[in-house]
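Okay, structure first, notes after.
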Amino acid sequence: MKKIIILCTFFILTTFFVFAEESYKCEQLWVNFTLLKDNNCSIDDQLRSAIFMSNRNYIQDNSKNPENYRVWDNITRKEVMKIISNVAQLRTKSTCNSFYIDVIDDWWCKYIESALDAWYIVKTETFRPNDNITSAEVLKLVFKARKIEKKYSTNNWQKDYVDTAFDLWLITSKQFDYNSNAKRWWIFYVISKSFPEFDSKEILVP
């Protein structure tokens, strides 16, 4: 009996250390997506969605240096406008009309004004391009870019988009702070989930 216990303990410890070593190896290889695939390391949905987005030219391709996707960082309103414009294939202008007093003629102006022309956003005095965007605001913009109809129309627009996204399997939970800052992976993931191909678990590596 004592031998069996010792053997079982040895097996458990060996399995643990092998798993830990594999996890550490995968963590180190995370800086290169190709190495991850070659070493049979699992790829979480945050990284998968970033790769999926870059394969479609919606965001810059950082598949060889995935840490540059910065999936756990917040994302600004102007960055989101560029992604949304790319996803919706909006026609961008060559000049900026400065409809918002805080939107200068810079790289992001054309994306903001294209979204305004498409009625994705509304005209107000300011746009706050450098502010973070909320999770609920991201959902609303994704719905517009992907032409997804909202299923609910109550006096709580945030809940309407969240409930619809949950019903459509774009998100896995309705229990979160609608006004929390959206992480970069959030917009990557929600957009990716709106494409049936994303759930095939197949990601093309350049």
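The values are calculated or read from the model by the stated rules, or taken from the named source; none is laboratory data. These numbers were taken from a predicted model, which means no experiment stands behind them. Positions of Cβ are backbone-derived with ideal geometry, glycine not excepted, and every protein chain shown enters the neighbour counts.
Here the helices (runs of 4 or more DSSP H) wholly within segment 106-202 that include at least 2 residues being farther than 19 Å from Ser85 by Cβ, free of Cβ contacts under 8 Å to residues at least 40 places away in the same chain and out of contact with any Ser or Thr (no Cβ under 6 Å at 6 or more places or on another chain) are 157-167.
Looking at Trp72, is it farther than 30 Å from Trp169 by Cβ and either in contact with a helix residue (DSSP H, G or I) (Cβ under 9 Å, 6 or more places away or on another chain) or at pLDDT below 90 (or both)? In short, no.
Out of Val103, Val162, Val122, one residue alone is surrounded by 12 or more Cβ atoms within 10 Å (Cβ to Cβ), closer than 24 Å to Leu90 by Cα and among the hydrophobic types (A, V, I, L, M, F, W, C). It is Val103. Residues of segment 129-151 that are within 22 Å of Thr95 (Cβ to Cβ) and surrounded by fewer than 18 Cβ atoms within 10 Å (Cβ to Cβ): Asn130 alone.
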